[in-house]
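For reference, the structure is listed below as structure tokens.
Bear in mind that the values in this text are calculations on the coordinates, not laboratory data. All values reported here derive from a predicted model rather than from experimental measurement. Cβ placement follows ideal geometry from the backbone for every residue including glycine, while neighbour counts extend to all protein chains displayed.
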There are 4 protein chains.
Amino acid sequence: MTSAPPTWSFLGPTGTFSEMALRQVAPDDVVLAPCQDIPTALDQVRSRRAQAAVVPIENSVEGGVNATLDHLVASSPLVIAAEVAVPITFVLAGRPGTRLEDVRAVSTHPHAWAQCRGWMGHNLPETVYVAGTSTSAPAQALAETGRSLEQVGFQAVLCNPLAAQDYGLEVLAAGVADKSDAMTRFVKVTRPGRVPEVTGADKTTLLVQLPHNRAGALLDMLEQFSVRGVNLTRIESRPVGDALGRYRFSIDVEGHIREERIQAAVIGLHRTCPVVRFLGSYPRLDARPVTVVAGTSDKDFQVARAWVADVLEGRSL
Amino acid sequence: MTSAPPTWSFLGPTGTFSEMALRQVAPDDVVLAPCQDIPTALDQVRSRRAQAAVVPIENSVEGGVNATLDHLVASSPLVIAAEVAVPITFVLAGRPGTRLEDVRAVSTHPHAWAQCRGWMGHNLPETVYVAGTSTSAPAQALAETGRSLEQVGFQAVLCNPLAAQDYGLEVLAAGVADKSDAMTRFVKVTRPGRVPEVTGADKTTLLVQLPHNRAGALLDMLEQFSVRGVNLTRIESRPVGDALGRYRFSIDVEGHIREERIQAAVIGLHRTCPVVRFLGSYPRLDARPVTVVAGTSDKDFQVARAWVADVLEGRSL
Amino acid sequence: MTSAPPTWSFLGPTGTFSEMALRQVAPDDVVLAPCQDIPTALDQVRSRRAQAAVVPIENSVEGGVNATLDHLVASSPLVIAAEVAVPITFVLAGRPGTRLEDVRAVSTHPHAWAQCRGWMGHNLPETVYVAGTSTSAPAQALAETGRSLEQVGFQAVLCNPLAAQDYGLEVLAAGVADKSDAMTRFVKVTRPGRVPEVTGADKTTLLVQLPHNRAGALLDMLEQFSVRGVNLTRIESRPVGDALGRYRFSIDVEGHIREERIQAAVIGLHRTCPVVRFLGSYPRLDARPVTVVAGTSDKDFQVARAWVADVLEGRSL
Amino acid sequence: MTSAPPTWSFLGPTGTFSEMALRQVAPDDVVLAPCQDIPTALDQVRSRRAQAAVVPIENSVEGGVNATLDHLVASSPLVIAAEVAVPITFVLAGRPGTRLEDVRAVSTHPHAWAQCRGWMGHNLPETVYVAGTSTSAPAQALAETGRSLEQVGFQAVLCNPLAAQDYGLEVLAAGVADKSDAMTRFVKVTRPGRVPEVTGADKTTLLVQLPHNRAGALLDMLEQFSVRGVNLTRIESRPVGDALGRYRFSIDVEGHIREERIQAAVIGLHRTCPVVRFLGSYPRLDARPVTVVAGTSDKDFQVARAWVADVLEGRSL
């Protein structure tokens, strides 16, 4: 008797960068569950219809992906189990036979458009932009043979090379991008369970809401990390949502929640901030071992605690 | 002989929240220059085709408006001259005679969709979302009498009440929003000139890029403010754009660049950060006077400087 | 069968301020062991010849008492078990029959001289100062009937009123002091044992040596306290002794080593500083309850630790 | 017509370490003005009876010299113009013909005794200590031929080798010291005048009193230095004198008051602390050039200020 293959959700349809990321970390027999948007992909995991979701979290040009940052913490807990980076390059693609001069309107996801806007302004300055829900959805729409180009509303799409291939489109221009080395980082998200073991090259993701009406609250929060020698690799502000000027912060730090210095910092945050959410400790994609500053190793903490225990009993000072 | 009335650009078309904001701060005889996107609206000012632009910068639900944050500093300098907040409420509107049960697809700007997604999921769970470039553009498209609903691609839009009225649409549902008190803050942007005088209730907007590869750089940056008693009211991280994990920060602080403590903080940033951009000192929309911490008034600085001058000459210690 | 009464050492001879302090905290049947200097008094406790020592640690005019600060940590551990403050007022006293105009030389302890120097300069400007090893020793010497005034070397002493009485001297002037409200704080010192329970109005004394050759080491050390909301009430620099410019710090903080925030701070110091010595948690002499900043109570720590334990097991986030 | 040679005061009598220090920095034709104590030596300069005073400020074993730290700021301003370090080694000396076994009492200055106490305890454990006002005064007293040893009250002194020679005493033991490499740092003190020019290897001495009743005041004070990259080389706490637990700090920093970063730090202190006293900028005795952290050079400040001036006029952002 064999168990059923796992189902993983992602931002669909077929051919998105999310699918490319998923294929780097999913088992071969994974069942794909493409979703129309990121909240839906995450909710598939919450509702146990999927074992994991792969969603974008950060783009080197556009920054944090708000839908992911916000919906990871929107209802029942989810955690990040892995991360993967995908280079972002686009092709301009149309139905076979399309010529560049035929292109009067182009569709893609707004983030993709933002990354190609300079190229488009230079090469096809008269082209109108039609927003799409992903980089693949417009390609899929364009490929539908039953609809006229007039019905579709655009003659070309900006999508990734695999989507063009998947949907039988012809590449009108390759390597379309304002920055040639754009990257998007994706995360594998699961329901929480026992936290995995330390690998020595880990990251931990946290969501922290600052106490409001206290000058210097962000400074105080950062000191909870610095005083334990914990390095931040990402900090994104997100509105709390109830008023202008109130923030919570999505943070990545080097290290693992099973390590003492991370626990000490997190305990400090929990004591002083109204909301702290743990969003996972997982291996860094670059596998670079974390630099542990002198005096912040697990052993340093354990030796110090043992010394305090001795002090309390008058055994040693 | 009279001068020509001024032209102000904004995120169009007619009926957007941007236009609503503009009308709060523009002269009565302003010539409206609606633009298809935020970068275009800002470039109208840079190219002197408009005297000012009004663009959204921050939403209480969705956070910073990336297009504004990034394009304010994308090329030649612009500064913020004023700010204004607009409450965000949507109506669901369709062509006259449309019934709720006819609505299978709805279009609006992605930020608007994000703010109504819960309401839509609850009231019209089967409805498909079609992304638009503003909250008014889909209303304008729906109002075009020459196109069939099939050609338009959606039967209803989420727009502000004025847009529904301007474009002759019928309101199917009013007060559509997941959070009833959502606000968007807009800014009036101009070309830089002599900085205006202090009002005592001012804000200053800065863009600061951190030195990379230095642990604690964000903490150091915040200390440049705290050591002079300067309070931050907003901080938004934005990617530098060249690699994952590198940030610059868009910051609002209480106070005016003509005040000593702000100058001292800004000089500290300029000394230690690779990029500092000044984006304007302007009156706060709440007109609440800035609290000046003891020891940080202009007079405190002037007295201290005079004392140092005396010390250098041996006149007093 | 009864146990022998305890022996307490102090800076002698009879009549010193140290004896006055001792009598405030010692049992009635205490056996007095006056010592010629502070190191000797402390060593009496180390060698078990005394159960406790009472020594001065801080004067409001002269500052820290170096002999106490240094010798508390000079060899085997000692801890502070209590503190007591004594108002410091002096009398100028001589052999019966002495007149003010007879006084050409005065003797007392250098600290006492420092506190009376202004008064002496104003009232007896021609008088020579002869250093003594305590405020009582010169009184004792002056009282020795077998020695001529010429042999003694001075005609009057500055001592406390009880010493003048004890040694049969006549008060030539009372209330001698440059500052009328000078205080000296004394500590009761014992061998270490199980640390006593929290009273809620406790102090903890520590000795911390900074890592050298690291700019900002003092700032880092202080942050170990501030990040846990621990308030310092005293900080005294003392040379390490091996070179100019190297320091260790004697520190009093509000709170008890059995409290979580103090333990966390002390663990942080132990991790990052080459030397940390615990010198006792004991009731404050003013019995004023310690103010515990929000987020730093024992319960705050325990709740946060329980939350981390849940996180590790995937029980809650 | 020639000007009269200058008079310099110092802690006398002849043969003290202060005189040794003075001779390293005074002109050859200096007129020596030995004083009975440090306050007197400093007051000679205030009253224009001396052009300069040379006094000890810090000892590597005993720490700061309180009399100097306190009296430098006790009345009208004085400044430090130079510093010099003297190795501290003692000889045990007596009248010619004295044998070690004759020595039952020894006199010297209490600081000197503190540095030789271990040696004495080991070699002459039965010897009584008689306090002296300097290391030379007891030598001078012992050398007075008109007094019997009984009248003097001791048979030997701990003084520096020159004093033994000056007063015709015989060395009973040389190299007497618990730490063989003890150093004392002396300063040349003058009335304030125009501050000298920067040498690039300068120190600045300040006295700063903290605002009381403000938790973290010391941390805030240190940040005024750290935020401008200014390194502290010495910090000594001194009581304010009016109550237990109130401090001012004597501080040495690397750099010169004519340098921008030092001025900025000092202005910050002046704004936020109730008392700041400037005590001189002068060449370091080790002549090691000051390390200027990136972003804190005079040019960095000037460029930043020029940029702010441009910003105010709209010339550049």
**Prompt:** According to the square roots a ≥ b ≥ c of the eigenvalues of the Cα gyration tensor, what is the shape class of region A:210-278, taking rounded for a/c under 1.5, prolate for a/b larger than b/c otherwise, and oblate for the remainder?
**Reply:** prolate
**Asked** Once Rh is set to the Kirkwood radius over Cα pairs, what Stokes-Einstein translational diffusion coefficient, in µm²/s, holds for region B:90-176 at a temperature of 25 °C and a viscosity of 0.890 mPa s?
**Response** 199 µm²/s
**Asked** Most exposed first by the Cβ proxy, i.e. fewest other Cβ within 10 Å, how do A:Thr296, D:Thr145 rank?
**Response** D:Thr145, A:Thr296
**Prompt:** For region D:1-41, list residues with backbone N below 17 Å from a point placed 7 Å from the Cα of D:Thr199 toward its Cβ?
**Reply:** D:21-27
**Fill in**
Loop-resident trypsin sites (Lys or Arg not before Pro) in region A:170-254 with no more than 11 other Cβ atoms inside 10 Å, DSSP not H/G/I/E/B, are A:Arg194, A:Arg214
**Fill in**
Excluding residues fewer than 8 positions from D:Lys188 in its own chain, the lysines with Cα under 24 Å of it are D:Lys203
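If you wrap a convex hull around the C-alpha atoms of region C:1-129 and split its volume per residue, what is the figure in Å³? Provide the component values of the computation, followed by the final result.
Values: hull volume 16.9 nm³, N = 129.
Dividing the Cα hull volume of region C:1-129 by its residue count gives 131 Å³.
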**Request:** Set the Förster distance to 60 Å, then compute FRET efficiency between B:Ala4 and C:Val275 from the Cβ-Cβ distance, nearest 0.05.
**Result:** 0.20
**Fill in**
Expected max-MSF residue from D:Ser18, D:Ser134, D:Ser180 in the GNM of chain D (alpha carbon, under 10 Å) is D:Ser180
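Using only DSSP helix segments of four residues or longer, with each worth -39500 (n - 2.57), what per-residue ellipticity at 222 nm results for the protein assembly as shown after dividing by its residue count and rounding to 500? Write out the running numbers ahead of the final one.
Working: 40 runs with 372 residues, N = 1268.
So the calculated ellipticity at 222 nm is -8500 deg cm²/dmol.
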**Message:** Are there DSSP H segments in chain A that both extend 15 Å or more along their axis (alpha-carbon positions) and score a mean Kyte-Doolittle hydropathy of at least 0.0? List them, or say none.
**Reply:** A:260-272, A:298-312
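Once the Cβ-Cβ distance between B:Gln24 and B:Val171 is put in as r, and R0 is 22 Å, what FRET efficiency do you end up with, to the nearest 0.05? Present the calculation step by step, with values, prior to reporting the outcome.
On the way: r = 23 Å, r/R0 = 1.05.
Working from the Cβ atoms, E equals 0.40.
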**Request:** State log₁₀ I(q)/I(0) for the protein assembly as shown at q = 0.05 Å⁻¹ as given by the Debye formula over alpha-carbon point scatterers of equal weight, solvent excluded.
**Result:** -0.48
**Request:** Scan region B:256-317 for GluC sites (Glu not before Pro) in coil per DSSP, keeping those whose Cβ has at most 15 other Cβ atoms within 10 Å, and list them by number.
**Result:** B:Glu313
**Prompt:** Quick one: label points 7 angstrom along Cα→Cβ at C:Glu313, distances to the other copies in nm, smallest first?
**Reply:** 2.6, 7.0, 7.4
**Item:** Base-10 log of normalised Debye intensity for region B:39-193 (one unit scatterer per alpha-carbon) at q = 0.12 Å⁻¹
**Value:** -0.56
**Message:** Please report the residue of chain D with the smallest beta-carbon distance to the D-to-A rotation axis, and give that distance in Å, no decimals.
**Reply:** D:Gly216, 5
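Where in region D:77-133 are there trypsin sites (Lys or Arg not before Pro) that are in a DSSP coil and have at most 14 other Cβ atoms within 10 angstrom of their Cβ?
Loop-located and lightly packed - D:Arg99, D:Arg104.
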**Item:** Cα-based shape type of region A:194-317, given that a ≥ b ≥ c are square roots of the gyration tensor eigenvalues and the cut on a/c is 1.5
**Value:** oblate
**Asked** Using a Gaussian network for chain B with springs between C-alpha atoms less than 10 Å apart, which of these wobbles most: B:Ala304, B:Ala33, B:Ala93?
**Response** B:Ala304
**Complete:** If R0 = 35 Å, then D:Thr145 and C:Glu144, at their Cβ-Cβ distance, give a FRET efficiency to the nearest 0.05 of 0.85
**Request:** Taking only Cα atoms and a 10 Å spring cutoff, compute GNM fluctuations for chain A and point out the largest among A:Ile257, A:Ile235, A:Ile80.
**Result:** A:Ile235
**Asked** Mind listing the Cα extents of chain A along all three principal axes, in Å, largest one first?
**Response** 87, 58, 35
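In whole Å and largest first, what semi-axes does the C-alpha gyration tensor of region D:123-230 yield when each eigenvalue is scaled by 5 and square-rooted?
Working: eigenvalues 394, 79, 50 Å².
Value: 44, 20, 16 Å, ordered largest first.
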**Asked** Taking the simple approach of a point 7 Å from Cα along Cα-to-Cβ for both B:Arg191 and A:Arg99, what is their distance in nm?
**Response** 4.1 nm
**Request:** Could you let me know the centre-to-centre spacing of region B:253-309 and region D:225-269, using Cα atoms, in angstrom?
**Result:** 23 Å
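What order do you get for A:Leu285, C:Leu100, B:Leu22 when you list them from fewest to most C-beta neighbours inside 10 Å? Write down the numbers at each step before the final one.
Working: A:Leu285 18, C:Leu100 14, B:Leu22 26.
The order, fewest Cβ neighbours first, is C:Leu100, A:Leu285, B:Leu22.
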